[in-house]
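Written below as structure tokens is the structure these notes are about.
The values are calculated or read from the model by the stated rules, or taken from the named source; none is laboratory data. No experiment lies behind these values; they were computed from the predicted model shown. For neighbour counting, all protein chains shown are included, and Cβ atoms are generated from backbone atoms with ideal geometry for every residue, glycine included. Heavy atoms of the whole protein, side chains included, go into the accessibility calculation; ligands, DNA and RNA do not. Shrake-Rupley method; radii C 1.70, N 1.55, O 1.52, S 1.80 Å.
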Amino acid sequence: MKVFFYVQHLLGIGHLRRAATLAQALERAGLEVTLASGGKPVAGYKVLQLPPASSDPSFQQLLDEHGNPVDDAWKRRRREALLAAYAQAAPDVLLIELFPFGRRQMRFELLPLLNQAIARSPRPLVVCSVRDLIQAKPERENEILECFEFFYDRLLVHGDPRLARFERSFGPAARIAAKLHYTGYVVQEMPETTSDAGTDEVLVSAGGGAVGQRLLETAIAARPLSSLRDRTWRVLAGINAENFDALQARAGGGVIVERFRNDFTLRLRNCVLSVSQGGYNTVLETLQARARAVVVPFAGVAESEQALRAKLLSERGLLEVVEEAALTPVTLAAAIDRAAARPRPAPGAIDLDGAARSADLLREWLA
């Protein structure tokens, strides 16, 4: 049984990371997966790479592989590459991440892809994969529903309804309740090891690093104000971080600045405290590691998804939150001290089995 899985990351790499985790779970369940990625290439991910697209920080302009605004010729080349890859894969399942609940700017290729899929005989199962909270403008909800109901058979919502039901961010969710299935949160399995790497460190991270410079600079400035000033602080800037040299120059004694660590999740488990942005993947990895945590959700360009999830988790006592607008060395140090004084999150606080459950559901539907 074959799955063609489309994912497009535009600014960070979170969408690709979650899709790759899902793809691995599907393969472990015996499915053959083609993961078609439309974002910038990222080392270490096994994907079918489409001509890469990214976005400006406002998400208003789609950019080609050279950083230039895309034109009709580029869109035609990209669409043809995607449709050819899909035809060659001849899958039993077409799995599309986010669209039509997001990625509206990719309609030029996704609508032709969906039309090609439903015209094929036998018709593949068409499934949408979305995180727990989305960013849908109310005036577009009817358009989204019409597209979903016409093309899609099922909706995988990668979240725990005990924390956030889908209608929390998509009001008319009840209209598609028969097709909607919660999977639990999708997170990479924690490696089994007895390593003590990173023990007693403060771990500061900004995901892929595309928008985390201010958080990292503030964390370095907050260290001498915190009760954890005597610990080693490890700052992971991210593979897309700009001004990396300037960040290293800010770091004094006791602060280590690196771009990334392959053992990040292991260090999360061993750290005394984590400071990070509020991206889906990082927050879920932090909870899986049962790390004390301070989260500063990205709030640029009217973004609300990270802030809402962080608020809901904070209300459950699972982490501390500092709003981006209120971020200063003083406010961050105070939040770090509050988080350091609380116990580690209890195991099983939320459902983290989303990857395996997604695979089980696809196998059930195919059967």
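Structural remarks
- Counting 0.36 nm for each residue step from residue 65 to residue 90 and taking away their Cα separation leaves a gain of 6.3 nm.
- Carbon plus sulfur fraction of accessible area for the chain, probe 1.4 Å, in percent: 49 percent
- Acute angle (nearest 10 degrees) that the helix 107-119 long axis makes with the longest principal axis of the chain, alpha-carbon atoms: 50 degrees
- Taking 26 Å as the straight-line reach from the Cα of residue 2, the lysines in range (excluding those fewer than 8 positions away in the same chain) are 40, 46, 179.
- Choice from 70, 33, 126 with maximal GNM fluctuation in the chain (Cα, 10 Å cutoff): 70
- Cα gyration tensor shape of the stretch 322-363, rounded if a/c is under 1.5, else prolate or oblate by comparing a/b with b/c: oblate
- Prolate/oblate/rounded label for the stretch 175-242 (Cα gyration tensor, a/c 1.5): prolate
- What the phi angles of the stretch 247-253 give under the Karplus curve with 6.51, -1.76 and 1.60, with θ = phi - 60°, is a coupling list of 5, 4, 5, 6, 6, x, x Hz, glycine and proline written as x.
- The stretch 275-316 and the stretch 214-231: distance between their alpha carbon centers, rounded to Å: 19 Å
- FRET efficiency for residue 243 and residue 123, using Cβ-Cβ distance with R0 set to 41 Å, rounded to 0.05: 0.25
- Placing a label point 7 Å from the Cα of residue 367 along the Cα-to-Cβ direction, no residue of the stretch 177-204 has its backbone N under 13 Å from that point.
- Cα-based helix-to-principal-axis angle, 329-341 vs the chain, degrees rounded to 10: 90 degrees
- Helix axis angle, 305-315 relative to the chain longest principal axis, alpha carbon, degrees: 50 degrees
- Trypsin sites (Lys or Arg not before Pro) restricted to the stretch 1-72 and DSSP loop, no more than 12 other C-beta within 10 Å: 46
- Here the label points at residue 229 and residue 111, each 7 Å from Cα along the C-beta direction, are separated by 5.9 nm in the simple model.
- For residue 321, residues with placed amide H under 5 Å, excluding near neighbours: 295
- Anisotropy class assigned to the stretch 28-144 is rounded, per the alpha carbon gyration tensor with a/c under the 1.5 cut-off.
- Extension gain (nm, one decimal) between residue 146 and residue 73, 0.36 nm per residue minus Cα-Cα: 23.4 nm
- Ranking by accessible area, most exposed first, for 107, 79 with a 1.4 Å probe: 107, 79
- The local environment of residue 17, defined by Cβ-Cβ distances under 15 Å, has a net charge of +2 under the rule Lys, Arg +1 and Asp, Glu -1.
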